[in-house]
Amino acid sequence: MKVLTEIETEVVIVGAGPAGLMLACELALAGVETLVVEKLPQRIEQVKGGAIQPRTAELLQMRGLLEPLLQRAVPTDPVGGHFAALPVPLDCTPWQTRHPFPIAIAQWGIEEVLEERATAGGARVLRGTAVSAVESDNDGVTVTADGLRVRARYLAACDGGHSMVRKLLGLPFPGRPGTHQAVLADVRLSAVSSLVPQQLGHMSTLTRQGGGYWAMLAPLGGDRYRFTFGRADRADIDRDTPVTHEEITAALQAVYGEETTLGAVDNSSRFSDATRQLEHYRAGRVLFAGDAAHIHPPLGGQGLNLGIQDAINLGWKLAAAVQDRAPSGLLDSYHTERHPVGAQVLHHTSAQRVLADPHPSEDVAALRDIFIDLMRLPDTNRHLAGLLSGLSLRYELPGEHPLTGQRIPDIDLVTPVGPTRLSALFGSGHAVLVDLAGVVPADLRLPARVDLVRATCTDDVGTAALLFRPDGYVCWAADDSAACGETLLSAIAGNLTEADRAPCPPCP
């Protein structure tokens, strides 16, 4: 009988993709003992999800992760995102963000930065470790994986659209199966025609058709390109069928001319437009994030960003649960908040799938023309830009103040120690109470993981004090000192932590 190595940890994460590694960063930042197990022996250097959307960029900047990622970004002209590859860039500037354009970064580069941060914070990553069994009980989870038996208080399944954890638990993954197949390949071209784009631009400028194929060729620098292609009469190819050099060459030359020559294929894979979502993101001591919880057509640069934002929403809540300081229902609010976000992405990517059809019917072509005209209207463009960038997201949180549940733009602040930005206050992963008008009592005792920052701001934020969750969303706001006593502590106890609550002194 094979002897298993026993490991104990507070949280085990299955899957070392962007969602799993972002969650590991968040848990390590909170001091939670974390183990990541990944079935692949080494990271695959495939571009895959290659864009960081504006709200994801804001969240990564809050944790000090954006700068090292920008060092790995592909140079590109500033250009807005897209909806269904239609030729009208999405304008995020009305949302008052410092990052109004998607940032082109290969997925493996994102994973590299996140893993470096997670391991520096104390998380462990074990590669070449495939999960074969999961047992959950009231006190925790036991995971068996390639000679290991891991006991943890919680398991986070971030192991992709074909999640083994989901299958082992027998959880249904309802939705629509894929009707179209496509190939994604990272290639090197030894010769190019004039049809090959030389620089990244708007998605609509990178797509072409020819010889029965639709294709998108995105330059990555030098001779490297990301090549995506498909054709309607090959929709039934099994996803596990290897992509051949000849198949890529045929598509490449059909669309970009015979003088375009394939030099090498770094890696390749097939994908479909299947749409599925778990009914519940939590099953007892097991939680799901990223593609393990939802899959959708790869349109609008949504998947990677949705998974990273899942992880940032879950991380601080799971840490509070592990450290026995979570208010009742806090961990369940992960599903309550993120499931509707995932459902919305599935909804609008399904709409994009219709509009982006490379061989549209006459009716769809007419619809597309009308939609393009609508996208040129500022209000429509702003709505779609907020939707796809994540900047318009608002959580339904308790509280009557109109700012509750929203993001606040990264405003400039002046504190007693000097000028700073709002984003710079979240590096510790704590909740942050920002007093903009001197209304928070000086002797108010706050829990250890709530940081008080007294500051002034030239921008009109619309309130005197703001309490931010660790993920940067407002969970309480006050317009004057009358609301800064018991209601503030109640908001902390209800939204953040039940620990260390102290009596409220009289308000000034």
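The values are calculated or read from the model by the stated rules, or taken from the named source; none is laboratory data. Quantities reported herein were computed from a predicted structural model and do not represent experimental measurements. FYI the Cβ positions are ideal-geometry reconstructions off the backbone, even for glycines, and counts take in every protein chain you see.
Specify which of the listed residues (Leu69, Leu65) is touching a Gly at 6+ places or on another chain (Cβ under 8 Å), without any contact (Cβ under 8 Å) to a residue 60 or more places away in the chain and not assigned by TED's automatic domain parsing to the domain that holds Tyr473.
Only one candidate qualifies: Leu69.
Against the conditions (1) in a loop (DSSP other than H, G, I, E, B); (2) crowded, with 21+ Cβ neighbours inside 10 Å, where does Asp459 fall short? Just the number, please.
Going through (1) in a loop (DSSP other than H, G, I, E, B); (2) crowded, with 21+ Cβ neighbours inside 10 Å one by one, Asp459 breaks only (2).
Name every residue in the range 241-271 that is assigned to a helix (DSSP H, G or I), of a type in the set (A, V, I, L, M) and farther than 17 Å from Leu220 by Cβ, in order of residue number.
Across the range 241-271, the qualifying residues are Ala250, Ala251, Ala254, Val255.
Of all residues in the range 387-444, which are touching a strand residue (DSSP E or B) at 6+ places or on another chain (Cβ under 7 Å), among the polar types (S, T, N, Q) and under 30 Å from Gly81 (Cβ atoms)?
Ser389, Thr404, Gln406, Thr420
Go through (1) modelled with pLDDT of 95 or more; (2) over 26 Å from Gly49 (Cβ atoms) one by one and return the number of the condition Asn138 breaks.
Here Asn138 meets the rest and fails (1).
Checking Pro470 against (1) of a type outside the set (A, V, I, L, M, F, W, C); (2) touching a helix residue (DSSP H, G or I) at 6+ places or on another chain (Cβ under 8 Å); (3) not in a loop (DSSP other than H, G, I, E, B): exactly one of these is not met. Which one?
Every condition holds for Pro470 apart from (3).
Somewhere in the range 170-192, is a residue surrounded by fewer than 21 Cβ atoms within 10 Å (Cβ to Cβ), over 16 Å from Pro297 (Cα atoms) and within 25 Å of the chain's Cα centre (by Cα)?
Yes, the range 170-192 contains a residue that is surrounded by fewer than 21 Cβ atoms within 10 Å (Cβ to Cβ), over 16 Å from Pro297 (Cα atoms) and within 25 Å of the chain's Cα centre (by Cα).
Across the range 473-492, what is the total count of residues that are out of contact with any strand residue (DSSP E or B) (no Cβ under 7 Å at 6 or more places or on another chain) and either more than 25 Å from Gly64 (Cβ to Cβ) or not in a loop (DSSP other than H, G, I, E, B) (or both)?
Adding up the residues that qualify gives 10.
If I filter the range 118-154 down to residues being of a type in the set (D, E, K, R) and either within 30 Å of Met203 (Cβ to Cβ) or touching a strand residue (DSSP E or B) at 6+ places or on another chain (Cβ under 8 Å) (or both), which single residue comes out as surrounded by the most Cβ atoms within 10 Å (Cβ to Cβ)?
Filtering first and then ranking leaves Arg153.
Might you check whether a residue that is within 25 Å of the chain's Cα centre (by Cα) and surrounded by 16 or more Cβ atoms within 10 Å (Cβ to Cβ) occurs anywhere in the range 243-258?
No, there is no match, as no residue in the range 243-258 is within 25 Å of the chain's Cα centre (by Cα) and surrounded by 16 or more Cβ atoms within 10 Å (Cβ to Cβ).
So the check is Cβ under 8 Å with 6+ separation or different chains; which pairs have a first residue in the range 85-99 that's without any contact (Cβ under 8 Å) to a residue 60 or more places away in the chain and a second one that's outside any loop (DSSP other than H, G, I, E, B) and not hydrophobic (A, V, I, L, M, F, W, C)?
Final answer for the pair search is His99/Pro54; His99/Glu58; His99/Gln61.
Might you let me know whether the range 269-280 holds any residue that is touching a Cys at 6+ places or on another chain (Cβ under 6 Å), closer than 25 Å to Pro18 by Cα and modelled with pLDDT of 95 or more?
no
Just one of Asp379, Asp410 is surrounded by fewer than 16 Cβ atoms within 10 Å (Cβ to Cβ) and of a type in the set (D, E, K, R); which is it?
Exactly one residue qualifies, and that residue is Asp379.
Only residues that are under 13 Å from Asp471 (Cα atoms), crowded, with 20+ Cβ neighbours inside 10 Å and not polar (S, T, N, Q): list them for the range 413-429, please.
Leu422, Leu425, Phe426, Gly429
Inspect all residues belonging to the range 20-39 and state whether any of them is buried (at least 17 other Cβ atoms within 10 Å of the Cβ) and at pLDDT below 95.
no
Taking interchain pairs and intrachain pairs at least six residues apart, which have beta carbon atoms under 6 angstrom, with the first residue in the range 343-359 and of a type in the set (Lys, Arg) and the second buried (at least 18 other Cβ atoms within 10 Å of the Cβ)?
Arg353/Asp273; Arg353/Pro297
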